[in-house]
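These notes concern the structure reproduced below.
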Amino acid sequence: MRNMALVLMLVAVIAITGACQRQSASVELFFATEGNETLSSEWRRVEFRNTRQKLTRTLEELVAGPTLPQLYRAVSAETKILAVKLDGTDVTVNLSRDYLSFGGVLADLMARVSIVNTLTALPEVERVRILVEGEELKDGNGQPLGYCSFVDLSQPSAQQVTLYFADDQAMYLVAEMRTIQLPPGADLLALGRAIVEELIKGPVQSGLGQVIPREVRVRSVSYADGTFYIDFSEEMHTRHSGGAAGEAMTLGAIVNSLTELTQIRRVMMTVNGGTMNIEHVVVEEPLTRNEAIIR
């Protein structure tokens, strides 16, 4: 009986100790707004026993998605948290490959900033590094992103770019300067995509002509070793007016607009993941800048 009493007393002490170690805190989770325009937050309560568990539980709530109807998930629901390492105030997060299932450069940016801002909103964290299956995320130039701090998306950055549109005879390209708004932290991929999407919107100056059908969508972009890759939707084929001159204006406008950026020397274009062939020219390799068609 005496031994039984000691056992019961020991169990009670362990239970009390465990209860004392359990803590809870309100954490701020950052989710995307409609159209990935910016991030907004909601608060949620998490329970934990130590700092690492607090970080893990916070990330799990982020992956679970928002509860407010005006917010949208930024990180794929299939994402698994493989490891969380705290080194002082720096955190390294290792995620499963499902994290890479976002669609497009802007969604990529929002997913990354969603994680960084959520963790750096905690008092224990100043910087965050993200790994996928042990490999560090890279920027548009292929360089490791390293540790990232809180990103304020409330103030978009203005970027002046040079776009090229066709003249009234569709014989030459004419430059049009335009200022575009990009979210803070936007890299080369986001800027290049924005340039192409501005071309799709069409010119502002009178006397200049559309070079890409307005129905066309940019399906994906990537960059490697000076070459910018763009995959367009099928409307590049089905909605293009055709003709040798019109086709030349389209290709020249895209390539010359993008190669205004010093990092981009060549542009490779595809349609629905296959060969781009509007009518006369089959694009089978990256194209370089053509100054001869610029007026």
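From (1) of a type outside the set (D, E, K, R); (2) open to solvent by 30 Å² or more (accessible area, probe 1.4 Å); (3) within 25 Å of L189 (Cβ to Cβ); (4) in contact (Cβ under 8 Å) with a residue 60 or more places away in the chain, pick out the condition that doesn't hold for A107.
(2)
Take the range 168-184 and flag every residue that is at negative phi and open to solvent by less than 50 Å² (accessible area, probe 1.4 Å).
Passing the criteria: L173, V174, A175, E176, R178, I180, L182, P183, P184.
Take the conditions assigned to a loop (DSSP other than H, G, I, E, B) and under 20 Å from R289 (Cα atoms) and apply them to I195. Does it pass?
no
Can you tell me which residues in the range 154-167 are open to solvent by 20 Å² or more (accessible area, probe 1.4 Å) and not in a strand (DSSP E or B)?
Listed by number, the residues that qualify are S154, Q155, P156.
For the range 164-202, which residues satisfy the criterion of being in contact with a strand residue (DSSP E or B) (Cβ under 8 Å, 6 or more places away or on another chain) and of a type in the set (D, E)?
Listed by number, the residues that qualify are D167, D168, E176, E197, E198.
For the range 16-25, which positions are in a strand (DSSP E or B) and of a type in the set (A, V, I, L, M)?
Once the filter is applied, which keeps residues that are in a strand (DSSP E or B) and of a type in the set (A, V, I, L, M), the range 16-25 yields only A25.
Which of the residues spanning the range 26-47 are in a helix (DSSP H, G or I) and either touching a His at 6+ places or on another chain (Cβ under 7 Å) or surrounded by 13 or more Cβ atoms within 10 Å (Cβ to Cβ) (or both)?
Hit for the range 26-47 is N36, nothing else.
Consider R112 against the criteria (1) in contact with a strand residue (DSSP E or B) (Cβ under 8 Å, 6 or more places away or on another chain); (2) open to solvent by 70 Å² or more (accessible area, probe 1.4 Å): it satisfies all of them except one. Which criterion is unmet?
It fails just one condition, (2).
So P123 passes all but one of these: (1) without any contact (Cβ under 8 Å) to a residue 12 or more places away in the chain; (2) closer than 29 Å to I264 by Cα. Which condition number does it fail?
Of (1) without any contact (Cβ under 8 Å) to a residue 12 or more places away in the chain; (2) closer than 29 Å to I264 by Cα, only one is false for P123: (2).
Please list, ordered by residue number, the strands (runs of 3 or more DSSP E) wholly in the range 205-295 having 1 or more residues that are open to solvent by less than 70 Å² (accessible area, probe 1.4 Å) and of a type in the set (F, W, Y).
218-224, 227-232
Name the one entry in N272, N256 that is of a type outside the set (F, W, Y) and on the phi > 0 side of the Ramachandran plot.
N272
Considering only strands (runs of 3 or more DSSP E) fully contained in the range 51-138, which possess at least 2 residues that are touching a Ser or Thr at 6+ places or on another chain (Cβ under 7 Å) and at pLDDT 95 or above?
Of the strands (runs of 3 or more DSSP E) lying wholly inside the range 51-138, those with at least 2 residues that are touching a Ser or Thr at 6+ places or on another chain (Cβ under 7 Å) and at pLDDT 95 or above span 81-87, 127-132.
Residue by residue through the range 185-204, note down the ones that are open to solvent by 10 Å² or more (accessible area, probe 1.4 Å) and either touching a Phe, Trp or Tyr at 6+ places or on another chain (Cβ under 7 Å) or of a type in the set (S, T, Y) (or both).
Once the filter is applied, which keeps residues that are open to solvent by 10 Å² or more (accessible area, probe 1.4 Å) and either touching a Phe, Trp or Tyr at 6+ places or on another chain (Cβ under 7 Å) or of a type in the set (S, T, Y) (or both), the range 185-204 yields L188, L189, P203.
Kindly list, by first and then second residue, each pair from a residue in the range 51-78 that is open to solvent by less than 70 Å² (accessible area, probe 1.4 Å) to a residue that is among the acidic types (D, E) and in a helix (DSSP H, G or I), limited to pairs with Cβ atoms under 7 Å and residues at least 6 apart or on different chains.
S76/D98
F232 - would you say it is in contact (Cβ under 8 Å) with a residue 40 or more places away in the chain and under 21 Å from K138 (Cβ atoms)?
no
The values are calculated or read from the model by the stated rules, or taken from the named source; none is laboratory data. Note that the coordinates shown come from a computational prediction; the quantities given were computed from them, not determined experimentally. Cβ coordinates were reconstructed from backbone atoms using ideal geometry, including for glycine residues, and neighbour counts include every protein chain displayed. SASA here: full protein model, heavy atoms, side chains in, ligands and nucleic acids out. Shrake-Rupley method; radii C 1.70, N 1.55, O 1.52, S 1.80 Å.
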